[in-house]
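Let me begin by presenting the structure, written as structure tokens, before commenting on it.
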Amino acid sequence: MKKHNFAAGPSILSPYTIQHTAEGVLDLNQSGLSIMEISHRSKDFMAIMDETQQLFKDLLDIPSGYSVLLLGGGASMQFCMVPYNLLNTKAAYLDTGAWANKAIKEAKIFGEVDVVASSKESTYSHIPRDYKVPGDADYFHITTNNTIYGTEIKEDMDCAVNLVADMSSDIFSRPVDVSKYAMIYGGAQKNLAPAGVTFVIIKDDILGKVDRAIPSMLDYRIHIDKDSMFNTPPCLPIYAAMHTLRWYKEQGGVEAMYKRNIEKARKLYDEIDRNSLFVSGIENVDDRSIMNVTFVMKDEFKEKEADFLAFATEKGMSGLKGHRSVGGFRASIYNAMPQSSVEALIETMKAFEKKI
Ligand SMILES: *Cc1c(COP(=O)(O)O)cnc(C)c1O
């Protein structure tokens, strides 16, 4: 039986993506060959690469002057590629969680890092709002969705310096004004494809401003120049990503995804707030993520957490255990998560409340 998959990443993909990717694994376009065994320079694969990049541009309305790269290495590789390519003297970072923290750690290798604000002392349960980005920073780095803690920056902020965003876990979940960002990047395994491909949306004219030599594989200019084909790209995850993006388009694009996502999130948060057993980890409603919904059991029911997980597992739910640094529960309700699975979780929460 298919499970209700609430995993944080790698995570749920649409049946459309899985079905079409499986077909291409067995036989790509009736070629008698698998997507896994053809050259990345073949006509078939070049068409897949082109269409995937074009779908990024169409769905996110990416203005001219930006490139879309599909690389290996994960979002974590970007934690070092960003400062390697962009940090000359000083960069500003917003510390909103474990991933932001890892990005900060890498940047410190390359220069001065000004952490303009941090919510670490409150276990990252809110998004800091009072801070100033120094005007002489080479860029300002933010993590728009904090996958582990369940907070999210939902507006595209105005920023006087180059704004760089890790959107690993909320890309395509809402409309984004790409023109406000110098760069957006993320791993695929939350809202796009199986793990293995990383997207980078980058404004071409921010490059070439640092003094250091950059190894070819870490140099955005080389990847732009070679159209993400400097080395063998992750062909299979790119193929899967293409199908996810086709499906988004078919469903009405990012606007339609956003409508569904806020509806799913609203229902689930309403139940968390209503249910006498649970409490949201995120007090400020504006900061609550529409992708990763974190909640815990109220103090008086704490010893029932394992029981609830077992109860939910019995009902066909998977991946609900919260990250080890937070505890409790985390329901990741990415784009591919149907309304019906969110409703099933809500019913399970209600049933458990009755049972206790
Ligand atoms: C999952 C995640 C990462 C790490 O991605 P990798 O591809 O495993 O390197 C980084 N940032 C955020 C916000 C994430 O959710």
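The slack between residue 344 and residue 266, meaning 0.36 nm per residue of separation minus the straight C-alpha distance, is 26.6 nm. Paramagnetic label reach from residue 26 (point 7 Å along Cα→Cβ; backbone nitrogen cut-off under 20 Å): within region 244-283, residues 244. Inter-part distance, region 87-101 to region 269-313, computed on C-alpha centroids, equals 30 Å.
Distances between every pair of Cα atoms in region 289-351, grouped in 10 Å steps from 0 to the bin holding the largest one, split as 20, 58, 21, 1 percent. Within straight-line reach of residue 3, meaning a Cα separation under 12 Å, sit the following aspartates and glutamates at least 8 residues removed in sequence or on another chain: 314.
Considering only Cα-Cα distances, which of the following residue pairs are longer than 19 Å: 264/354; 132/180; 2/304; 315/354; 298/354; 102/209?
Beyond 19 Å between Cα atoms: 264/354; 2/304; 102/209.
Per residue, region 15-251 exposes 41 Å² of accessible surface when a 1.4 Å probe is rolled over the protein heavy atoms with every protein chain present. Springs between Cα atoms under 10 Å define the GNM used for the chain, and in it the highest mean-square fluctuation of 46, 317, 81 occurs at 46. Restricting the calculation to Cα atoms, every distinct pair contributes to the Kirkwood radius of the chain, found to be 21.2 Å.
Using a simple spin-label model with pseudo-atoms 7 Å out from Cα toward Cβ, residue 108 and residue 195 lie 2.5 nm apart. The aspartates and glutamates whose alpha-carbon is closer than 20 Å to the alpha-carbon of residue 267, local same-chain residues fewer than 8 away aside, are 152, 170, 255, 283, 286, 287, 343, 347, 353. Restricting the calculation to Cα atoms, region 246-356 yields a radius of gyration followed by a Dmax of 14.3, 47 Å. Between residue 131 and residue 46, the C-beta separation translates, for a Förster distance of 45 Å, into a calculated FRET efficiency of about 0.50. Of all the options 327, 186, 74, the one that moves most in a Gaussian network model of the chain with Cα springs shorter than 10 angstrom is 327.
Using C-alpha pairs under 8 Å with a sequence gap of at least 6, the mean separation divided by the residue count of the chain gives a relative contact order of 23 percent. Counting protein heavy atoms only, the chain has 51 percent of its accessible area on carbon and sulfur, 1.4 angstrom probe. Averaged over its residues, region 253-355 has an accessible area of 45 Å² per residue, based on protein heavy atoms and a 1.4 Å probe. Full extension of the chain segment joining residue 251 with residue 58 gains 68.1 nm, where the gain is 0.36 nm per residue of separation less the Cα-Cα distance.
Rounded to the nearest 0.05, what FRET efficiency is calculated for residue 355 and residue 283 with R0 set to 25 Å and r the Cβ-Cβ distance? The formula returns an efficiency of 0.35 here. Computed over the chain with a Gaussian network model linking Cα atoms closer than 10 Å, the most mobile of 324, 246, 288 is 324.
Computed from the C-beta positions of residue 216 and residue 274 and an R0 of 35 Å, the FRET efficiency is 0.05 to the nearest 0.05. Rounded to the nearest 20 debye, the dipole magnitude of the chain is 700 debye, with +1 charges on Lys and Arg beta carbons, -1 on Asp and Glu beta carbons, and the Cα centre as origin. For residue 246, neighbours were defined as the other residues whose beta-carbon sits under 15 Å from its Cβ, and their charges (Lys and Arg +1, Asp and Glu -1) total -3.
The values are calculated or read from the model by the stated rules, or taken from the named source; none is laboratory data. These figures come from a predicted structure and were not determined experimentally. Cβ: placed from backbone, ideal geometry, glycine included. Neighbour counts: every protein chain shown. Side chains included, ligands, DNA and RNA excluded: accessible areas come from the protein's heavy atoms. Shrake-Rupley method; radii C 1.70, N 1.55, O 1.52, S 1.80 Å.
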